[in-house]
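Each value in this text was obtained by applying a stated rule to the coordinates, not by laboratory testing. This one's a predicted model, so the numbers in the text were calculated from it and none came from an experiment. Glycine also receives a Cβ, built like all others from the backbone with ideal geometry; neighbour counts cover every protein chain displayed.
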Amino acid sequence: PDLVFEKDTIGRHFSYAFYSRKLSNGEFVDRKWLVYHKGANKVYCFCCKLFKSKLSKSMLASDGLNDWKRLSARLKDHGNSVEHLTNMNTWNEVRLRLSKNQTIDDDMQREIAKEKKHWRQVLVRIVSTVKFLQKILWLSMDQMRNCIKIIMVIFWARLK
Ligand SMILES: [Zn+2]
C-alpha cells in the first residue's frame with residue numbers, strides 16, 4: 001500500500017518522485033540511497049549515515065531533511081557531492097566483497113570454531129553495534145541482516 005505523506009503547514013510533502021532522478025537524456029535512475037522515515041517525516045541518505053566521517057555536515061547523514069521545497073535541489077547536490085560519492089564507493093566495495101566472497105560464512109565458522117572465545121566477544125560487539133545502528137537508522141529486519149553481514153566482513157577483513 002502507498003504511504004500517505006505527512007504535509008507541512010503549506011501542504012508540501014515528500015513524494016515517491018524523489019526516489020528517482022531524471023538524467024539529461026530523459027532517462028530515470030533510482031536514488032537507491034534515499035530513505036524516507038515515516039515516523040520522523042524526514043529523508044536520509046542511508047549510505048552517508050552509515051559511512052559518514054566526523055567532518056560531515058550533511059543533514060541527510062545526520063538529522064535528516066524535511067525541506068520539501070528545496071528537496072529536489074538538495075538531493076541533486078548531495079548526489080554529486082564528494083562526500084556522498086566517497087561513501088557510495090565504500091558501500092559498493094563492501095557489497096562487491098560480499099557478493100564475490102560467498103565462502104565468507106564458511107571461513108568465519110571455521111574461525112569461530114578455532115577461536116570460539118574470542119569470536120564470541122567479537123560477535124557480541126557486532127550485535128550490539130547493529131542494535132545501536134537499528135535504533136538510529138530505523139532498519140528493517142532485512143537491512144539488519146545485511147548490516148550484520150557487512151560488519152562481520154569488515155571485522156573478518158581486519159583480523160586477516
Ligand atoms: Zn549520501
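In the stretch 20-57, what residues are in contact with a helix residue (DSSP H, G or I) (Cβ under 7 Å, 6 or more places away or on another chain) and assigned to a loop (DSSP other than H, G, I, E, B)?
Listed by number, the residues that qualify are Arg31, Trp33, Lys52, Ser56.
Restricting the search to the stretch 15-47, which residues are within 16 Å of the ligand (Cβ to nearest atom), of a type in the set (A, V, I, L, M, F, W, C) and farther than 22 Å from Val4 by Cβ?
Val29, Trp33, Cys45, Phe46, Cys47
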